[in-house]
Amino acid sequence: MTDTTGTDPGTGTGTGTGTESLAHPRFAEALRELGLDVEVRRFPDAVRTAAQAAAAIGCAPAEIVKSLVFAADGEPVLVLMDGASRVDVERVRDELGAALVERADPDTVRAATGYAIGGVPPFGHRTRTTVLADRGLLDHPVVWAAAGTPHTVFPLDPKTLIAHAGGRLVDVRERGA
């Protein structure tokens, strides 16, 4: 099931027909506050993984944005990574100057972002966290990210997405990935 609005996925500009209402209410509010008019697609089946999302959208897994929450010395950190790559936790640790970095548990993810794993968008979170965005996202003119639920996604050019997320461009993917 797809809902399209005439939005240009590269710029987030379009006809303003309100598809943000398909998104999680917190994320829809973030879109309004940022002045972003994006196409939000809703799928009947959950698309919790990059592979599921890519298959549903009809794009390459590398065009999917994974919004992954880690705990760095106990503090939540969001890492934005393309769907075909894996995060190198040691590179994240080095980037942050942290002693310990590990994947956050589901309760920490929800507490920090306000969303469940599989639906975490790149911005519009409950709390402000450090955001690291892997440079590999810039390899694509348009990327797709979760819109706050495991059933919803939206497209945006990666520079705009990273800017709205408050992300710092870094190289944190596993080498050879």
Quiz item: Only one of Leu132, Leu138 is touching a helix residue (DSSP H, G or I) at 6+ places or on another chain (Cβ under 7 Å) and surrounded by fewer than 24 Cβ atoms within 10 Å (Cβ to Cβ); which?
Solution: Leu138
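Could you go through segment 67-77 and let me know if any residue there is part of a loop (DSSP other than H, G, I, E, B) and crowded, with 18+ Cβ neighbours inside 10 Å.
The first filter runs over segment 67-77 and keeps only residues part of a loop (DSSP other than H, G, I, E, B), leaving 73-74.
When the remaining residues are screened for being crowded, with 18+ Cβ neighbours inside 10 Å, the result is none.
Checked against the condition, which is being part of a loop (DSSP other than H, G, I, E, B) and crowded, with 18+ Cβ neighbours inside 10 Å, segment 67-77 yields no hits at all.
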Practice problem: Taking Cys59 as meeting all but one of (1) touching a residue at least 60 places away in the same chain (Cβ under 8 Å); (2) not in a loop (DSSP other than H, G, I, E, B), write down the number of the exception. | Solution: (2)
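Based on what the data block shows, is Gly119 in contact with a strand residue (DSSP E or B) (Cβ under 9 Å, 6 or more places away or on another chain), open to solvent by less than 20 Å² (accessible area, probe 1.4 Å), of a type outside the set (Phe, Trp, Tyr) and assigned to a helix (DSSP H, G or I)?
On the way: in contact with a strand residue (DSSP E or B) (Cβ under 9 Å, 6 or more places away or on another chain): yes; open to solvent by less than 20 Å² (accessible area, probe 1.4 Å): yes; of a type outside the set (Phe, Trp, Tyr): yes; assigned to a helix (DSSP H, G or I): no.
Spelling it out, it is not the case that Gly119 is in contact with a strand residue (DSSP E or B) (Cβ under 9 Å, 6 or more places away or on another chain), open to solvent by less than 20 Å² (accessible area, probe 1.4 Å), of a type outside the set (Phe, Trp, Tyr) and assigned to a helix (DSSP H, G or I).
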Quiz item: So Val40 fits all but one of (1) farther than 18 Å from His125 by Cβ; (2) modelled with pLDDT of 90 or more; what number is the exception?
Solution: (1)
Practice problem: Go through Leu96, Leu100, Leu80 for me and flag whichever is closer than 19 Å to Ala146 by Cα, of a type in the set (A, V, I, L, M) and modelled with pLDDT of 95 or more. | Solution: Leu80
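If you check Gly83 against the conditions, is it without any contact (Cβ under 8 Å) to a residue 60 or more places away in the chain and out of contact with any Phe, Trp or Tyr (no Cβ under 7 Å at 6 or more places or on another chain)?
Taking the combined requirement at face value, the residue satisfies it.
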Practice problem: Test Gly136 against the stated conditions and say whether it is farther than 15 Å from Gly74 by Cα, part of a helix (DSSP H, G or I) and not aliphatic (A, V, I, L, M). | Solution: yes
Quiz item: What are the residues in segment 126-152 that are at pLDDT 95 or above, within 18 Å of Leu22 (Cα to Cα) and of a type outside the set (Gly, Ala, Ser), if any?
Solution: Trp144
Quiz prompt | segment 139-169: number of residues that are under 21 Å from Leu96 (Cα atoms) and in contact with a Lys or Arg (Cβ under 7 Å, 6 or more places away or on another chain) | solution = 1
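Looking only at segment 25-56, how many residues end up being hydrophobic (A, V, I, L, M, F, W, C), part of a helix (DSSP H, G or I) and open to solvent by 20 Å² or more (accessible area, probe 1.4 Å)? If you could, list the steps in order and put the result at the bottom.
First pass over segment 25-56, keeping only residues hydrophobic (A, V, I, L, M, F, W, C): 27-28, 30-31, 34, 36, 38, 40, 43, 46-47, 50-51, 53-56.
With the extra rule that they be part of a helix (DSSP H, G or I), the set shrinks to 27-28, 30-31, 34, 50-51, 53-56.
Those still in the list that are open to solvent by 20 Å² or more (accessible area, probe 1.4 Å) too: 34, 51, 55-56.
Matching residues across segment 25-56 total 4.
The values are calculated or read from the model by the stated rules, or taken from the named source; none is laboratory data. Worth saying up front: this structure is predicted, and the values here are computed from it rather than measured. Here the Cβ is made from the backbone with ideal geometry for all residues, glycine too, and neighbour counts use every protein chain on show. When the accessible area is computed, the model is the full protein with side chains, heavy atoms only, and any ligands, DNA or RNA have been set aside. Shrake-Rupley method; radii C 1.70, N 1.55, O 1.52, S 1.80 Å.
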